[in-house]
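Trainee: Sharing a structure below in structure tokens format, with a few things to ask.
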Ligand code: ADP
Ligand code: MG
């Protein structure tokens, strides 16, 4: 019967760490035309590490990291944790900061030793009036390597660049390939810059939409829905509205509480391949229903 087939599909999923909130979600997942993945913490591990420290000639590695750490101590962003970890590993004490602020999706700011300091995207630094000419070539190179370059601006001048890299999950490429075999298109949505997004996406075999603010992610989901059913996979950081707007929202195992509440399904243990398994489970279950 219909309910029995659904119930056995839901319990078969649960045994494999695929939690689905009900029959409607189970049915919809298999109809997906597109799966939209958040990048940071979903396709990647969400644990960036500082890979390059490039100070301006009048600045030392030490001072650059000290300024950056001072500003980042007020932020819970994964990039902030990476900067603080690198400073600590080098024995750099974090200087005190005041008037801490954030420009969402762009930068964090503070006053350090009486000077205005920001740490953020090259675009944000250039927009604030800092002369980036000296660093332009290096930033392009770092981003082409799939790294995120952030600029430390001290008193209006670029004091240097830090590069950070967040590794793709071990099964990200095979998980995307499995979706492709099922006839489902995969897209990456990221707030990161276009070159970094493209470098990561190229290795995984999916399309990329970059430089998206949380509202832009929402608009991308709406545009994709005009083509057909959309599954959005995310961790709830900057993507909870997009999870809610998709035909089916899927939280990854390490997801935040907000992701688990908002989503219609969850993949435990952070397996990207779990998304393709959800599509397969839905289709086999619906074949038994019909
Ligand atoms: P993602 O979608 O990859 O999680 P976000 O929307 O959180 O990206 O941030 C987009 C960009 O804004 C980052 O790649 C970085 O350039 C800049 N940014 C945001 N927060 C910070 C921060 N705390 N420190 C440095 N840069 C930041
Ligand atoms: Mg994010």
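Read-outs throughout are calculated quantities, based only on the coordinates presented, and are distinct from any laboratory measurement. Only a predicted model underlies this, so the values are computations on that prediction, with no experimental measurement involved. Note that each Cβ is placed from the backbone with ideal geometry, even for glycine, and that neighbours are counted across all protein chains shown.
Trainee: How far is helix 2-15 tilted, in degrees, relative to the longest principal axis of the Cα atoms in the chain, given as a value from 0 to 90 rounded to the nearest 10?
Mentor: For 2-15 against the chain, the angle is about 40 degrees.
Trainee: What is the angle, in °, between the Cα long axis of helix 194-204 and the longest principal axis of the Cα atoms in the chain? Nearest 10 is fine, range 0 to 90.
Mentor: 40 degrees
Trainee: Please arrange 20, 221 by counting, for each residue, the other beta carbons lying within 10 Å of its beta carbon, fewest first.
Mentor: Starting with the residue having the fewest Cβ neighbours, the order is 221, 20.
Trainee: Once R0 is set to 25 Å, what does the formula 1/(1 + (r/R0)^6) return for the Cβ-Cβ distance between residue 52 and residue 207, expressed as a FRET efficiency to the nearest 0.05?
Mentor: Rounded to the nearest 0.05, the efficiency is 0.35.
Trainee: Moving to a separate point now. Using label points projected 7 Å from each Cα along Cα→Cβ, tell me how many nm separate residue 136 and residue 287, to one decimal.
Mentor: Using points 7 Å along Cα→Cβ, the separation is 5.6 nm.
Trainee: Given a Förster distance of 51 Å, report the FRET efficiency between residue 222 and residue 115 from their Cβ-Cβ distance, rounded to the nearest 0.05.
Mentor: 0.75
Trainee: Something else about it: Normalised by the residues of the chain, what does the relative contact order come to in percent, with Cα pairs under 8 Å and at least six apart?
Mentor: Result for the chain is 25 percent.
Trainee: How many angstrom lie between the Cα centre of the range 175-191 and the Cα centre of the range 85-121?
Mentor: Cα centroid to Cα centroid, the span is 36 Å.
Trainee: Could you put 213, 18 in order, starting from the residue whose Cβ has the fewest other Cβ atoms within 10 Å?
Mentor: 213, 18
Trainee: If the chain were replaced by its equivalent ellipsoid, with semi-axes equal to the square roots of 5 times the Cα gyration tensor eigenvalues, what would those be, largest first, whole Å?
Mentor: The equivalent ellipsoid of the chain has semi-axes of 41, 17, 15 Å.
Trainee: Now for a different question. Using Cβ contacts closer than 10 Å as the measure, can you line up 247, 174, 11 from fewest to most?
Mentor: Least crowded to most crowded, the residues run 11, 174, 247.
Trainee: Additional query: Could you calculate the contour length gain from residue 12 to residue 76, that is, 0.36 nm times the residue separation minus the distance between their Cα atoms, to one decimal place in nm?
Mentor: Gain on stretching residue 12 to residue 76: 19.4 nm.
Trainee: Give me D for the range 140-290 in µm² s⁻¹, whole number, from Stokes-Einstein with Rh from the Kirkwood sum over alpha-carbon pairs, 25 °C and 0.890 mPa s.
Mentor: After rounding, the answer is 147 µm²/s.
Trainee: Mean separation of Cα pairs under 8 Å and 6+ residues apart, divided by the residue count of the range 94-251: what relative contact order is that in percent?
Mentor: After rounding, I find 14 percent.
Trainee: For every helix of n ≥ 4 consecutive DSSP H residues, a contribution of -39,500 (n - 2.57) applies; sum these over the chain, divide by its total residues, and give [θ] at 222 nm rounded to the nearest 500 deg cm²/dmol.
Mentor: About -12500 deg cm²/dmol.
Trainee: Please give the FRET efficiency for residue 215 paired with residue 4, using the beta carbon to beta carbon distance and R0 = 35 Å, rounded to the nearest 0.05.
Mentor: FRET efficiency, residue 215 to residue 4: 0.25.
Trainee: Still on this structure, I have one more. Note down the nm distance, to one decimal, between modelled labels 7 Å out along Cα→Cβ at residue 62 and at residue 244.
Mentor: 4.9 nm
Trainee: Write down the Å³ per residue value for the convex hull defined by the alpha carbon atoms of the range 49-165.
Mentor: With only Cα atoms used, the range 49-165 gives 90 Å³ per residue.
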